[in-house]
Amino acid sequence: MTDENASTTIDDVLSYWDRRPCNIRHSTREVGTREYFDEVEARKYFVEPHIPEFAEFGRWRDKSVLEIGCGLGTDAVNFARAGARYTGVDLSPVSLGLARTRFGVYGLTGEFLCSNGEELSQALPPASFDLVYSFGVIHHTPRPREVIESARRLVRSTGELRIMLYARHSWKAIMIEEGFDQPEAQSGCPIALTYTAETVRELLDGAFEVVDMRQAHIFPYVIEKYVNYEYEPQPWFKAMPSDLFDALQRRLGWHLLVTARPV
Ligand SMILES: C[S@@+](CC[C@H](N)C(=O)[O-])C[C@H]1O[C@@H](n2cnc3c(N)ncnc32)[C@H](O)[C@@H]1O
């Protein structure tokens, strides 16, 4: 896990995600087809069911949503289907191209911009979004605070920020530190920062005030089976009562889900 990001450039980050966009192997169907995108979505929300709960897609009907780091566009299509006016930004042209294709496949409307979230405020009109959403992105960029400042300039004063950051005090971070795991599916992720409740508040300081912060998501499956689309929990999780596993996810989940409002 990288906690030092000073020497890593935005081009390193772009190349990494362009080489293998996030969740690209969530389906074995032909990339870019409806069957492919359907399977990507089914797998993503099966493994990460907390995402729809956190995003509350239905809440953003007729509202303007900006997503920073939309990747393949799984959450993007759900905002658009729910009736949001959707704008998606990603650094990686390959990922963004797939998100665009996905909107075409489903006949959805959205705006897309290939850009660095650290430098967004010139590219889009100020105070124009009801929600700035960024799931699993800000901890991968060399200058996270710049993304927060972009978000602050672009969100309306009555709007919201919803972001997911990796949690420092988590099962996954322990596994990574002990050499049993790595932050992403593909090795060599240039930046994967982790945050505590305190460092989240420092990151947002003066721009947003935290309204809610919670932890979720321990990945329980045997990787060798998961890559073959089989979902067998590790024996130690299989033996665990589900209420105990849920408690563990709330205390040691990898995803720190933060809702904040502009100050
Ligand atoms: C882990 S993926 C998450 C994608 C998507 N949010 C999801 O949940 O599937 C991280 C994404 O953030 C993008 N990204 C990283 N740094 C960025 C930046 N500074 N500006 C815009 N996008 C960025 C990457 O290109 C990649 O698509």
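When the helix-only estimate is applied to the chain (DSSP H runs of n ≥ 4, each -39,500 (n - 2.57), divided by the residue count), what is the mean residue ellipticity at 222 nm, nearest 500 deg cm²/dmol?
Calculated mean residue ellipticity at 222 nm is -10500 deg cm²/dmol.
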* **P(r) weight above 14 Å for the range 117-184, C-alpha pairs, percent** => 63
* Asked: For Trp17, what is the net charge nearby, where nearby means another residue's Cβ is under 12 Å from its Cβ and Lys, Arg count +1, Asp, Glu -1?
  -> -3
* To do: Just add up the charged neighbours of Phe112: K/R +1, D/E -1, any other residue whose Cβ is under 9 Å from the Cβ of Phe112.
  => -1
* Asked: What are the trypsin sites (Lys or Arg not before Pro) within the range 7-83 that DSSP puts in a loop, where the Cβ has at most 15 other Cβ atoms within 10 Å?
  -> Arg25, Arg29, Arg61
* Which of Pro52, Pro144, Pro235 moves the most in a Gaussian network model of the chain with Cα springs under 10 Å? -> Pro235
* Structure fact -> With x for Gly and Pro, the residue-by-residue ³J(HN,Hα) of the range 170-183, computed from phi through the Karplus equation 6.51 cos²θ - 1.76 cosθ + 1.60 at θ = phi - 60° and given in whole Hz, is 8, 4, 4, 4, 5, 4, 5, 4, 8, x, 9, 7, 9, x
* Hey, what's the Cα Rg ratio for the chain versus the globular rule of thumb, 2.2 N^0.38 Å? -> 0.96
* the range 122-221: chymotrypsin sites (Phe, Trp or Tyr not before Pro) in DSSP loop, at most 15 other beta carbons within 10 Å -> Phe180
* Structure fact -> Between Glu209 and residues 5 or more places away or on another chain, the pairs with built amide H atoms under 5 Å apart involve Arg261, Val263
* Volume in Å³ per residue [convex hull over Cα atoms, computed for the range 188-263] -> 128
* Structure fact -> Taking r as the C-beta separation of Thr33 and Glu111 and R0 as 22 Å, the FRET efficiency to the nearest 0.05 is 0.40
* With springs only between Cα atoms under 10 Å apart, run a GNM on the chain and tell me which of Glu119, Glu160, Glu53 wobbles the most. => Glu53
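Rule-based calculations on the coordinates, nothing more; no lab input. Everything numeric in this text was worked out from a predicted model, so none of it was measured. Please note: Cβ atoms are built from the backbone with ideal geometry, for glycine as well, and neighbour counts cover all protein chains shown.
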